[in-house]
Amino acid sequence: MDRVTTFRLLALPDAVANTIVIIALLLLVAPYAVNKDFGIFKTPDWEPRQLRTLKYVGPLAFVCVSFAAYPLWPGSVSKDDYDLAVTLTEKQSVNARLAAIHYFEKAAYNSVDHHWFMIEQLTASIRAWAGPSTPIPRDLSY
């Protein structure tokens with residue numbers, strides 16, 4: 001399964017994500033490039049207090065944005081995979097239900113929704129395998 005970036009999870013367009021990365025890069029370089037012209041951006045003349053702040057904030061912002069741009073998070077399950085697993089669970093066969101559980105386990109390993117779905121199907125499979133339950137006798141005196 002493909003992994004996605006934090007920007008993609010937040011549904012940010014690529015242009016906005018690229019702008020955030022460029023701003024973080026400019027914050028990283030800004031304390032060391034006073035009054036420099038980078039074409040689309042010119043760094044101003046910073047006061048000493050602002051330079052000290054930027055020397056800490058710039059690298060921190062760049063590291064955070066770098067992690068946000070790196071694909072860390074597992075992707076979601078495609079609609080076709082979901083439909084196939086649901087089709088398997090609608091069958092009355094216990095083996096089909098267990099196949100759906102196995103399929104979902106591989107397709108959506110880190111998705112909480114699909115974990116709950118697998119737990120529900122596993123209990124339904126166990127109930128179907130065990131057959132109808134017998135009532136517990138109320139009189140337990142011996």
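Could you list all residues from region 1-25 that are over 22 Å from Thr43 (Cα atoms) and of a type outside the set (A, V, I, L, M, F, W, C)?
Asp2, Arg3, Thr5, Thr6, Arg8, Pro13, Asp14 - these are the residues of region 1-25 that are over 22 Å from Thr43 (Cα atoms) and of a type outside the set (A, V, I, L, M, F, W, C).
Here's the yes/no breakdown for (1) touching a residue at least 24 places away in the same chain (Cβ under 8 Å); (2) within 29 Å of Thr5 (Cα to Cα); (3) surrounded by 12 or more Cβ atoms within 10 Å (Cβ to Cβ):
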{"position": "Ala15", "(1), (2), (3)": "no, yes, no"}
{"position": "Thr19", "(1), (2), (3)": "no, yes, yes"}
{"position": "Ala24", "(1), (2), (3)": "yes, yes, yes"}
{"position": "Ala33", "(1), (2), (3)": "no, no, yes"}
{"position": "Asp45", "(1), (2), (3)": "no, no, no"}
{"position": "Val63", "(1), (2), (3)": "no, yes, yes"}
{"position": "Ala69", "(1), (2), (3)": "yes, yes, yes"}
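May I ask you to list the residues in region 36-53 that are modelled with pLDDT of 85 or more and polar (S, T, N, Q)?
Those that are modelled with pLDDT of 85 or more and polar (S, T, N, Q): Gln50, Thr53.
Among the residues in region 72-83, are any open to solvent by 40 Å² or more (accessible area, probe 1.4 Å), modelled with pLDDT of 80 or more and not basic (Lys, Arg)? Working first, answer last.
Quick first cut of region 72-83, residues open to solvent by 40 Å² or more (accessible area, probe 1.4 Å) only: 72-74, 76, 78-83.
Among the residues that remain, those that are also modelled with pLDDT of 80 or more are: 72.
Now narrow it down to the ones that are not basic (Lys, Arg): 72.
Looking through region 72-83, at least one residue is open to solvent by 40 Å² or more (accessible area, probe 1.4 Å), modelled with pLDDT of 80 or more and not basic (Lys, Arg).
The values are calculated or read from the model by the stated rules, or taken from the named source; none is laboratory data. Not measured: the values here are computed from a predicted model. A quick note on method: Cβ atoms are made from the backbone with ideal geometry, for glycine too, and the neighbour counts reach across all protein chains shown. The protein model used for the area step is the full one, side chains on, heavy atoms only, and it has no ligands, DNA or RNA in it. Shrake-Rupley method; radii C 1.70, N 1.55, O 1.52, S 1.80 Å.
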